[in-house]
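Have a look at the structure below before the remarks.
What follows is calculated from the coordinates using simple rules that are stated; it is not laboratory data. These figures come from a predicted structure and were not determined experimentally. Ideal geometry is used to build each Cβ from the backbone, glycine not excepted, and the neighbour counts take in all protein chains shown.
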Amino acid sequence: MRPFLLGLLLALAGLGPFPSPFTPPPRPGPGAWWVADRAGNTVWLLDADLIVVAGFRLCLPVALVPVGDGGVWVLEAIEGTPRGLHRLRRLDPSGAHPRTWILEPPRDVTLVKGVGAVILTRAGALS
């Protein structure tokens with residue numbers, strides 16, 4: 001019984017082989033991964049250890065295209081259907097929305113180095 005109590009005290013103090021339950025969670029590092037939670041209407045920025053750095057509530061994010069400066073282009077289905085209106089939004093790691101466009105249903109979104117996001121859609125669909 002005494003070895004058990006000694007082990008319990010050491011574990012609670014953080015001196016045993018197990019981390020103390022009172023140690024604070026690790027701080028997130030710089031953002032490394034952008035992840036879309038489509039059902040939760042959220043885009044998450046995760047660090048290299050997959051710890052949440054930031055979360056951004058958006059309207060049905062359907063596609064993400066990461067940018068070299070740490071930002072991301074997000075395509076949102078704002079009407080909730082693939083054939084409805086979409087919004088192309090540029091996020092940076094701080095969550096700012098420096099650029100936003102409303103467009104008709106796109107066929108594809110990709111990134112071209114030095115250009116930005118390229119949207120494949122029909123002529124005149126950008127507004």
*Residue by residue through the range 38-49, which ³J(HN,Hα) values in whole Hz follow from phi under the Karplus form 6.51 cos²θ - 1.76 cosθ + 1.60 (θ = phi - 60°), with glycine and proline marked x?*
5, 5, x, 6, 9, 10, 10, 9, 10, 8, 5, 8
*Rounded to the nearest 0.05, what FRET efficiency do residue 35 and residue 101 give with R0 = 25 Å and r taken as the Cβ-Cβ distance? Could you check?*
0.65
_Interchain or long-range residues, amide H under 5 Å from residue 85's placed H_ = 79
*³J(HN,Hα) across the range 79-92 via Karplus (A = 6.51, B = -1.76, C = 1.60, θ = phi - 60°), whole Hz, x for Gly/Pro?*
9, x, 10, x, 9, x, 5, 10, 10, 9, 10, 9, 10, 10
*Rough spin-label spacing in nm, given labels placed 7 Å along Cα→Cβ, for residue 94 and residue 59*: 2.5
